[in-house]
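Accompanying notes for the structure given below.
The values are calculated or read from the model by the stated rules, or taken from the named source; none is laboratory data. If you're wondering where the values come from, they're calculated on a predicted model, not measured in any experiment. Positions of Cβ are generated from backbone atoms using ideal geometry, with glycine treated the same way; all protein chains shown enter the neighbour counts.
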Amino acid sequence: MFRPVLTLALLSLSTALPAQEAAKPVPALTAEDNALINAPLPADQAAMKAHVMFLSADAMRGREAGSAEYEIAAQYVAAQFYAAGLKPAGIDGSYLQPVPLLSSRPADKGTLALTRGGAAPVNLVFGEDYLPAPDPERPVTAIDAPVVFAGYGIVAPQYKRDDYKGVDVKGKIVAIFSGAPGGFDGEERAHFGNNGNKAAIAAKKGAAAVIMLESPVSAKVRPFARLADSWDEWRMTWADAQGRGHLPSAGTPVVATVSLKGAGRLFAGDKGWAGALKAAEAGKPVIAPFASGALLAVALKTERKTVTSSNVAGMIPGSDPKLKDEVVVLTAHLDHVGVGKADAKGDTIYNGAMDNAMGIASLIEEAKRFQASGKPPRRSVMFLAVTAEEKGLIGADYFAHNPTVPKANLVANVNLDMPVITYKFEDMIAFGAARSTLGETVARATAAVGVGVGKDPMPEQGFFVRSDHYRFVQQGIPSVFLWPGLAGAGGEAFNRFLAERYHRPSDEITNPEIKWDQGVRFIDANYAIAREIADADARPAWKKGDFFGLLYGGYGAK
């Protein structure tokens with residue numbers, strides 16, 4: 001599942017891997033656990049549960065992208081696609097699309113040396129003032145340049161906003177607050193607050209490097225001290241044919257996260273800093289940039305390695321001669337976060353039953369629904385299990401840039417990520433639905449199965465840009481992200497899952513709250529949505545003037 005929005009530079013361009021530990025004895029299942037796991041169910045519920053049993057078993061060790069266990073999971077999904085009658089849609093006639101992954105992490109603590117005026121250089125303090133970030137492009141990074149503060153680092157011509165207005169950052173180090181201020185809707189706010197997008201803007205401005213600053217808001221939501229536990233973990237991106245990482249800010253690395261305390265030292269003596277801090281604390285949407293009197297010498301070393309992990313793709317060919325070349329892509333991520341810190345019971349395996357073995361199980365069973373209907377869809381439907389979602393939506397991004405069918409043929413994406421089925425859901429949430437005609441499709445399809453469409457309960461979280469569908473959006477493809485809704489008992493149950501099981505070893509099939517009949521209802525609704533998209537006379541289109549549709553040149557937006 002997606003990571004929180006307010007992450008800093010350590011999680012800026014990709015998401016950190018968990019701290020891997022040596023294998024430890026797995027806590028034994030109790031008789032009660034086994035009774036729960038093996039309890040008989042109706043055939044449709046049992047089919048879904050069987051997939052989750054296999055994919056979230058301790059033997060799969062959390063299905064971390066690039067691991068041997070993940071590849072076993074990929075082969076399992078390929079076998080299930082074969083059994084469901086899907087045509088191979090990977091490469092070379094297979095169900096697999098290998099994804100070359102470039103991993104990187106700081107090789108040491110690095111140094112950030114500050115010089116102001118004619119004074120002697122002063123080193124910022126590791127773990128207190130700063131934490132280094134890896135540079136995937138090179139093993140040794142050395143940058144010595146003036147520092148410029150650029151507010152939140154946002155450039156949005158459509159809102160007549162440029163946080164760089166009045167400052168020149170070419171060849172300099174840009175310091176920007178993490179996150180984004182209010183004033184945007186939740187989905188756009190998350191887009192503008194994404195550190196990878198910010199770094200890409202800095203690169204276009206000619207900056208030499210970027211440092212992410214802890215802000216007064218992020219200090220409350222995700223304090224700098226919490227990042228110290230993961231500073232030296234592996235990050236990941238995908239690599240091109242030459243082994244170069246796919247980076248939104250190539251040539252302009254994000255080199256560090258700097259705490260509020262460190263920023264106070266960095267900008268001490270700069271008149272603009274006190275005003276910037278005051279504006280941020282007050283929630284002002286725009287903060288004046290300024291050129292600092294500081295020079296910063298950054299020295300970093302980065303450890304890098306390459307691994308391969310597979311996307312899994314199967315296809316039901318379309319039956320309509322005029323529409324069969326158009327492809328509707330249904331996605332779910334297959335990876336989870338692997339093995340990490342032990343919980344109170346000594347369990348180190350992050351099984352990922354709900355996140356996202358449940359989504360993969362839904363994807364497989366949805367494929368069976370299409371085949372069992374006896375009616376081929378008019379458009380082709382691709383079922384795509386992607387890797388490295390937990391590392392920053394990497395597998396989806398690779399496929400969106402390197403699809404196994406012509407990119408122009410991709411007309412829609414429907415994404416399934418962590419459906420929480422611990423309650424009888426009364427509605428469904430379709431993040432991003434209002435931005436395209438997919439919204440009307442979802443409303444009609446869910447009504448047909450007796451489920452309404454609920455509103456985004458947490459618009460400030462910007463979930464629309466935090467799972468695999470966002471990578472399709474960035475290619476101009478109308479997309480939605482589906483969840484069981486939070487009406488009625490849903491809100492309490494969902495929040496309990498987040499508090500007690502999300503990204504914890506306790507996200508296991510032994511969770512007594514799982515309601516498999518609700519999993520079948522979730523599949524029913526997803527099938528109805530995908531079927532209508534596949535059979536509709538018109539392809540999905542962005543709403544005219546939609547922000548994302550215009551930004552990424554999507555069909556119908558102009």
message: So, in the stretch 252-283, exactly how many residues are in contact (Cβ under 8 Å) with a residue 60 or more places away in the chain, part of a helix (DSSP H, G or I) and of a type in the set (D, E, K, R)?
response: 3
- prompt: So which residues in the stretch 59-92 are touching a Pro at 6+ places or on another chain (Cβ under 9 Å), of a type outside the set (Gly, Ala, Ser) and either under 17 Å from residue 518 (Cβ atoms) or part of a helix (DSSP H, G or I) (or both), if there are any at all?
  reply: 81, 82
message: Quick check on residue 297: is it outside the structural domain of residue 55 (by TED's automatic domain parsing), farther than 30 Å from residue 400 by Cβ and either part of a strand (DSSP E or B) or among the charged types (D, E, K, R) (or both)?
response: yes
query: Can you name every residue in the stretch 435-476 that is under 21 Å from the mean Cα position of the chain (by Cα), surrounded by fewer than 18 Cβ atoms within 10 Å (Cβ to Cβ) and in a helix (DSSP H, G or I)?
result: 459, 460
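Name every residue in the stretch 213-232 that is closer than 27 Å to residue 386 by Cβ and either part of a strand (DSSP E or B) or in contact with a helix residue (DSSP H, G or I) (Cβ under 8 Å, 6 or more places away or on another chain) (or both), in order of residue number. Quick ask: steps written out before the conclusion?
Of all residues in the stretch 213-232, those closer than 27 Å to residue 386 by Cβ come to 222, 227, 230, 232.
Within the stretch 213-232, 227, 230 qualify.
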- prompt: How many residues are without any contact (Cβ under 8 Å) to a residue 40 or more places away in the chain and of a type in the set (Lys, Arg) if we restrict to the stretch 188-235?
  reply: 3
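Every residue, every condition in (1) under 12 Å from residue 254 (Cα atoms); (2) touching a His at 6+ places or on another chain (Cβ under 9 Å); (3) of a type outside the set (Val, Ile, Thr); (4) not assigned by TED's automatic domain parsing to the domain that holds residue 431, yes or no:
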residue: 175; (1), (2), (3), (4): yes, no, yes, yes
residue: 184; (1), (2), (3), (4): no, yes, yes, yes
residue: 191; (1), (2), (3), (4): no, no, yes, yes
residue: 195; (1), (2), (3), (4): yes, no, yes, yes
residue: 206; (1), (2), (3), (4): no, no, yes, yes
residue: 212; (1), (2), (3), (4): yes, no, yes, yes
residue: 223; (1), (2), (3), (4): no, no, yes, yes
residue: 228; (1), (2), (3), (4): no, no, yes, yes
- prompt: Can you find even one residue in the stretch 494-501 that is modelled with pLDDT of 95 or more, of a type in the set (Lys, Arg) and within 29 Å of residue 322 (Cβ to Cβ)?
  reply: no
Candidate set from the stretch 91-130 (those that are over 30 Å from residue 262 (Cβ atoms) and either within 25 Å of the chain's Cα centre (by Cα) or assigned by TED's automatic domain parsing to the domain that holds residue 257 (or both)); member that is surrounded by the fewest Cβ atoms within 10 Å (Cβ to Cβ): 91
Residue in the stretch 284-293 that is within 26 Å of the chain's Cα centre (by Cα), over 30 Å from residue 518 (Cα atoms), at pLDDT below 95 and part of a loop (DSSP other than H, G, I, E, B) present: yes
